[in-house]
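See structure below.
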Amino acid sequence: KTTSLTVASLLGEDKPETKIWRHIAERVESRMPGRFRFNIVANGALGGEKEVAEATRLGAVQASLSTVSSLSGWVPELQILDLPFLYRDAAHVARVVNGEIGADLQARLKAQNFVATGFIDYGARHLLAKEPILRPQEMVGRKIRVIQSPLHTRLWSGFGAVPVGIPITETYNALSTGVADAMDLTKSAYAGFKLYEVVPVMMLTGHIRASGVVYFAGSFWNGLSPEEQQVLSDASTEGAAMFDALIVADEEKSVATALSHGGQVLAVPDIAEWRQGARGVWDAFAPVVGGQARIEAVETI
Amino acid sequence: METGVGSAGAPARVAAAVLRVLDRLLGSLAGLVLATMLVVVLAGVVLRYGFKTGLMGAEDLGIWLHIALIALGAPLALNGPLAMRLDILVSRLPPLPQRLAGIGADGVSVLAGLVLVFGAGAVMEMVGGTSPTLGVPEALRFGLPLLGGAALLARLVLCRIAEGDIARALAGPVLGVTVYLLVGHLVIETSWPPSVWMALVAGLGLVLSAPLAHAFLAAAAVAIAFGSSLPAPAILSTTVAGLSKFLLLAVPFFLLTGALLTASGAADRLVRFAASLVGHRRAGLAQTVLLTGVLFSGASGSSVANAAFGAATFQPELVRHGYPPAQAGAIVAATSVLDNVIPPSIAFLLLAAATNLSIGALLTGGFVAGGLMALCLAVAIALTAGDHGRMPRVGRDVQLRAALSAVPAFGLGLIVVFGIRIGVVTTTEAAALAAAYTLLLALMARRGVPGLFGVFRQAAVEVSAIGLLIGTAAPFAFLLAVDDIAGVMQSVVTLLGGSALAVLLLSNLVLLALGLILDIGAAILLIGPVLLPAAVAAGIDPVHFGVILVVNLMIHGLTPPLGLLVYVVSGVTGVPASALFRAVLPYLGALLVALFILSALALVFRP
Ligand code: NA
Ligand code: NA
């Protein structure tokens, strides 16, 4: 008997978000022919990350992938992965999510009906503006577009900037007219939304590593045999690895596109002073993410 | 037995009294929520510029209030024009079939009410999580839709009792509850996808003259029996998600602005000024409405907001100057199509987000297309609206005085246009500022607080009728996406070999057909990424094609059965939708001519 599952992806067929599900579906099909039918619905047609996560809990969607930020309403502890300037590079994040902390977060997600079969890395978020902003002091008084998240708001107000909540669909407009002067985003999304047209300067702050998970609905997962769970789990672990590789390639392409359209990519001279300015966020979120000790533990991993 | 009909016994009097209290309560609460929404959005602007800080969670709070507003006001839109009933068919039936259709329509409404009540109840139990920005359980968001559903059921029964029709008061609920219980247990094996069944059931509800939004909700529930992937709680959460967009908050504010502009007398003076300039010409006032619409489009990206504004502001003026109400409404509805074509445009932003097209290039295309459409509309207006409301030519002194008295209304244009253009505020904030400004005008005109609260209450009820429709279209879009209707479309478009002409022709036909039943936002997200590659492969300029796609879909705001712009105008003005659909035909034709020219140009100018 064939079981159908609806899989929601936020972006188009040519993006890693959708490509990996095509891959996962293929792998599962080769190991258990005819057992599952993956109905992959791309382009965010089933809603944004949070709506899809809700639909998963209500039984309308069986699998998707999401930034941890969008799942933090259910598992606030996930925000340890979003703490600014805590992670040195992608390998550092990988060690954390593959270790004890990752396992703990997976257990917490499972208790909330999200079976996270793999962690993914969307790349680092960088500061984007109309002109170079190399020192944190230059952020004072600037209007920066932020996503709806206390963590992000807190980060930028800590630098003396004015956070303005603007949905991504309105962001291009708001930046071109000047409702906001700056924003932050991952490299691959930067080119995807053509933002180099309005904020041509990218500062390589890499302040937040955008992490995410590939997940299945717990209610769906619990109805499967251990063998089926194993097959899906193996395939999505592969899919997660593929995602990370695709994002790295996508980032290179994205930067090349931005440069060829007159964009600039600048390194910040003193990352330590930026890091220092973000410490307030660690203190504020320590009680939520499992204590100061856990943050320190992450630093040393 | 027909004995109950028309008699006004004691139960009817009691029911009518209870109904009055309930309506007063719901309307006042909705008005209060609307006022709070305004304060929240304005506070964000004040904090940003006055105190260099943001209001944490203002965006989410605004969205939650919007949901609350719609939940509170929606039960009031059961009767009257706000119900958006398509009564073309039912009104021609003999009494008995008409009565049966009425019971069927009530059954649809009851089914919708049950989905709201039990769907919301289940979501509250299942959704979990805490809002990161507001710090309260997400479940709270669904509490008011539950109450709104209960109020809808109560109002329906009370209305029928108050009409003295006890039989109908019972029959509708019995029908609705029976169907609700049946779809929970029935499994109907069928080879047709669930979205097709949903469309059929919604169509049946429409024919029975049930409120459009109720037909959508009921159809989503019936689709469960046909294998729909949306269980009842997910229907409700998808509906709420459809409403949970910050940009949609501009709709209530622009609607409020229109109502307050009228209440303050400023609209009257604006139109008098326009009339003093061109009123003596052929269709002068109607052309003025078009010109105002073009200017308004340069500030707003929401056609629904413009339709609401124009319907509240200009339609009454056109009628006062001798235009038939339906034609006046049709001109307003047709003009509001331009909002999403002339930048800024929500539609182009969605398309750019869903595809890889440059927003800048799309917007430039939008200017050209919008200009062409406005020109075609001007011709159509000159041809059709000619003989109404010609006024005597007036002297320079009268014009100058009219201009001076219209200065406050010009201030509104400045706020909206410059607020957005110079980049002081976002579209939603500009709408809120516009509402606040007109509130000041109304206060200065000494309209009195009770009178003004009445304006808030009325606007709130209109907002919720429109909002409920936007929300309830979302489950349908969800099912269409799951059934990969987009993929089917792609294979249709390349059917005739894939030459540029064939692809353009078939794409336009597919879009014209799909736009009949799909909300524009959903259509762009679903179809844009699918049709674009076919167009590029056929050698059509992708940006040009994107513009054609948006123009084509926007035109559907005027076509039955789901002409959203027509329903909005109908809801605000009280002119029946069926009359508007007829009256809008010449303008629809003009816009189709513009679409044809745009398509022809795409064949001439190839990349
Ligand atoms: Na516009
Ligand atoms: Na339509």
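The values are calculated or read from the model by the stated rules, or taken from the named source; none is laboratory data. Computed from a predicted model, the values in this text were never measured in an experiment. Using ideal geometry, Cβ is built from the backbone for each residue, glycine included, and neighbour counts are taken over all protein chains shown.
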* Asked: Does segment A:160-174 contain at least one residue that is more than 7 Å from chain B (Cβ to nearest Cβ) and touching a residue at least 40 places away in the same chain (Cβ under 8 Å)?
  -> no
* **Matching entry among A:60, A:42 (being out of contact with any Phe, Trp or Tyr (no Cβ under 8 Å at 6 or more places or on another chain), surrounded by 23 or more Cβ atoms within 10 Å (Cβ to Cβ) and modelled with pLDDT under 95)** => A:42
* Structure fact -> Pairs returned, first residue in segment B:119-141 that is within 15 Å of residue A:56 (Cβ to Cβ), second residue that is among the hydroxyl-bearing types (Ser, Thr, Tyr), beta-carbon separation under 8 angstrom, 6 or more apart or interchain, are B:123/B:237; B:127/B:237; B:138/B:130; B:138/B:131
* Odd one out for residue B:135, checked against (1) within 17 Å of residue B:181 (Cα to Cα); (2) facing another protein chain (nearest Cβ under 9 Å) -> (1)
* To do: Identify the single condition in (1) modelled with pLDDT of 80 or more; (2) away from ligand 1 (no atom under 16 Å from the Cβ); (3) small (Gly, Ala, Ser) that residue B:358 does not satisfy, given that it satisfies every other one.
  => (1)
* Structure fact -> Of (1) in contact with a strand residue (DSSP E or B) (Cβ under 9 Å, 6 or more places away or on another chain); (2) surrounded by fewer than 22 Cβ atoms within 10 Å (Cβ to Cβ), residue A:174 fails just (2)
* Residue satisfying all of: in segment A:177-192; surrounded by fewer than 24 Cβ atoms within 10 Å (Cβ to Cβ) and facing another protein chain (nearest Cβ under 7 Å); nearest to residue B:347 (Cα to Cα) among these -> A:177
* Structure fact -> Selection from segment A:46-61 of residues within 19 Å of the chain's Cα centre (by Cα) and either outside any helix (DSSP H, G or I) or more than 9 Å from every other protein chain (Cβ to nearest Cβ) (or both) yields A:46, A:47, A:48, A:49, A:52, A:56
* Among the residues of segment A:131-142, is there at least one that is more than 10 Å from chain B (Cβ to nearest Cβ), of a type outside the set (A, V, I, L, M, F, W, C), touching a Gly at 6+ places or on another chain (Cβ under 9 Å) and surrounded by fewer than 17 Cβ atoms within 10 Å (Cβ to Cβ)? -> yes
* Asked: Do we find a residue being modelled with pLDDT under 75 and either in contact with a Gly (Cβ under 9 Å, 6 or more places away or on another chain) or small (Gly, Ala, Ser) (or both) anywhere in segment B:310-319?
  -> no
* Asked: Quick one: which of B:547, B:604, B:569 is away from ligand 1 (no atom under 16 Å from the Cβ), hydrophobic (A, V, I, L, M, F, W, C), more than 14 Å from chain A (Cβ to nearest Cβ) and buried (at least 24 other Cβ atoms within 10 Å of the Cβ)?
  -> B:569
* Asked: What single numbered condition from (1) farther than 29 Å from residue B:234 by Cα; (2) within 16 Å of ligand 1 (Cβ to nearest atom) fails to hold for residue B:558?
  -> (2)
* Check whether at least one residue in segment B:523-541 is under 23 Å from residue B:198 (Cα atoms), over 26 Å from the mean Cα position of the chain (by Cα), within 14 Å of chain A (Cβ to nearest Cβ) and surrounded by fewer than 20 Cβ atoms within 10 Å (Cβ to Cβ), and report yes or no. => no
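Every residue, every condition in (1) part of a strand (DSSP E or B); (2) under 19 Å from the mean Cα position of the chain (by Cα); (3) basic (Lys, Arg); (4) more than 14 Å from chain B (Cβ to nearest Cβ), yes or no:
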| residue | (1), (2), (3), (4) |
| --- | --- |
| A:30 | no, no, no, yes |
| A:70 | no, yes, no, no |
| A:78 | no, yes, no, no |
| A:88 | no, yes, yes, yes |
* Inspect all residues belonging to segment B:522-536 and state whether any of them is within 20 Å of residue B:365 (Cα to Cα), among the small types (Gly, Ala, Ser) and within 16 Å of ligand 1 (Cβ to nearest atom). => no
* Asked: What residue, among those in segment B:10-59 that are hydroxyl-bearing (Ser, Thr, Tyr) and more than 23 Å from the chain's Cα centre (by Cα), is nearest to the other protein chains (Cβ to nearest Cβ)?
  -> B:53
* Mind counting the residues in segment B:496-555 that are among the hydrophobic types (A, V, I, L, M, F, W, C) and within 16 Å of ligand 2 (Cβ to nearest atom)? => 21
* Structure fact -> Among helices (runs of 4 or more DSSP H) entirely inside segment B:125-243, those with 3 or more residues being among the small types (Gly, Ala, Ser) and within 30 Å of residue B:40 (Cβ to Cβ) are B:143-162, B:232-243
